[in-house]
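*Asks:* The structure's right below; bear with me while I get my questions together.
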Amino acid sequence: MFCPRCGQQAPEEIRFCPRCGLSLLPHAALMAGAQPAATVPLAQTPPALTKKRVSTRRAAKLLFFSVALFPIFMMMSIAADSPGPLIVPFTLFTVAVAWWAYARLFGEDIPHTPRRSRKDLKAGAGAPALGAPQFVPASSFNRQRVNTAEISQPPSVTEQTTTLLEKDL
């Protein structure tokens, strides 16, 4: 079997490409003629969330939370006969509006990659099996290596003294 991403030949029983780390399980099922169960047609693929959209959604959730908390803190304010408790929903509302404005003005339209939990990181879920592919040019194998041992070591004091004495004799 050949990896569809990089073209590396891999044995049939291997789960990930040894060069690029692509999961070969769905491709092996396709090569065998079976339809993989997790395949979603292209028309039903959900749109990728961007960081701008994720940040806007968070601001909307915070805005909703501040509006939902307002009646609770209004009752607390009436019971305490002081407007002090209303500072919480008003602060949340102000933060949500500022967050939304920042997301709309300065948000980036790059794909959002969700954070993985510690359990997923320990299990290695979603991580490539190997690191980045290494490339070594073929021409470097035939070159003669330079002996750098003499260059990296400074000459000793005794060698200089010996050479000076030999010149005087």
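*Asks:* I'd like the Karplus ³J(HN,Hα) series for region 52-66: coefficients 6.51, -1.76, 1.60, θ = phi - 60°, whole numbers in Hz, and an x wherever there's a Gly or Pro.
*Replies:* 5, 6, 5, 5, 5, 5, 5, 5, 5, 5, 5, 4, 4, 4, 5
*Asks:* Please report the accessible area of residue 78 (heavy atoms, 1.4 Å probe, ligands and nucleic acids excluded) in Å², nearest 10.
*Replies:* The accessible area of residue 78 comes to roughly 110 Å².
*Asks:* Can you give the accessible area of residue 22 in Å² (nearest 10), computed on protein heavy atoms with a 1.4 Å probe?
*Replies:* Taking all protein chains as shown, residue 22 has close to 30 Å².
The values are calculated or read from the model by the stated rules, or taken from the named source; none is laboratory data. Worth saying up front: this structure is predicted, and the values here are computed from it rather than measured. Surface areas here come from the heavy atoms of the whole protein model, side chains and all, with no ligands, DNA or RNA. Shrake-Rupley method; radii C 1.70, N 1.55, O 1.52, S 1.80 Å.
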